[in-house]
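The values are calculated or read from the model by the stated rules, or taken from the named source; none is laboratory data. Just so it is clear, the structure is predicted and the values come from calculations on it, not from any experiment. Please note: Cβ atoms are built from the backbone with ideal geometry, for glycine as well, and neighbour counts cover all protein chains shown.
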């Protein structure tokens, strides 16, 4: 599973799938070595179906973008400037291809968490964190968001109950005002507000 968030040299086997999100059609190229290569995973879909797009504006970061579904759907659904980042180069090449395929204008960059983000601040950060990367990396993403959000910014993410959602909420309440937007099939969509 480490290959989702590293740059291992796996044999390529690119294929394309089609899906509908919020009533719109999307096509995605995927490959070996990226998360959920067969279809849009339930967690990502559930997150995308429960984001308050009508509130989104300004700069938005898709953190750990993989082959790009979150950032690409965000760009189609809201009037915001989208930056997408990941550590996995294969995923980034796919994200670039998928942005063109779905005709969206986004910024895509290689970054281990916030390493190459610099001092840029975002109104919103959205992620389906790589739980299998371990607690340290996931908390680097979730707690670290506070240093890359505007003063009244928000972090949105999805996590399963059996992956520690409740303890994660307690831990994040030290830094944010945390609310659960929706729950289904053991998945929680969580919003963390700085304000």
**Condition met for residue 142 (at pLDDT 95 or above, surrounded by 14 or more Cβ atoms within 10 Å (Cβ to Cβ) and in contact with a strand residue (DSSP E or B) (Cβ under 7 Å, 6 or more places away or on another chain))** = yes
**Residue match in the stretch 124-131 (condition: under 26 Å from residue 55 (Cα atoms) and either more than 14 Å from the chain's Cα centre (by Cα) or free of Cβ contacts under 8 Å to residues at least 12 places away in the same chain (or both))** = no
**Message:** Looking at 74, 61, can you tell me which residue is closer than 22 Å to residue 149 by Cβ and in a helix (DSSP H, G or I)?
**Reply:** 74
**Evaluation of residue 121 against (1) farther than 22 Å from residue 33 by Cβ; (2) out of contact with any strand residue (DSSP E or B) (no Cβ under 7 Å at 6 or more places or on another chain); (3) modelled with pLDDT of 95 or more (one fails), failing number** = (2)
**Matching residues, the stretch 96-113, being touching a helix residue (DSSP H, G or I) at 6+ places or on another chain (Cβ under 7 Å) and in a helix (DSSP H, G or I)** = 98, 99
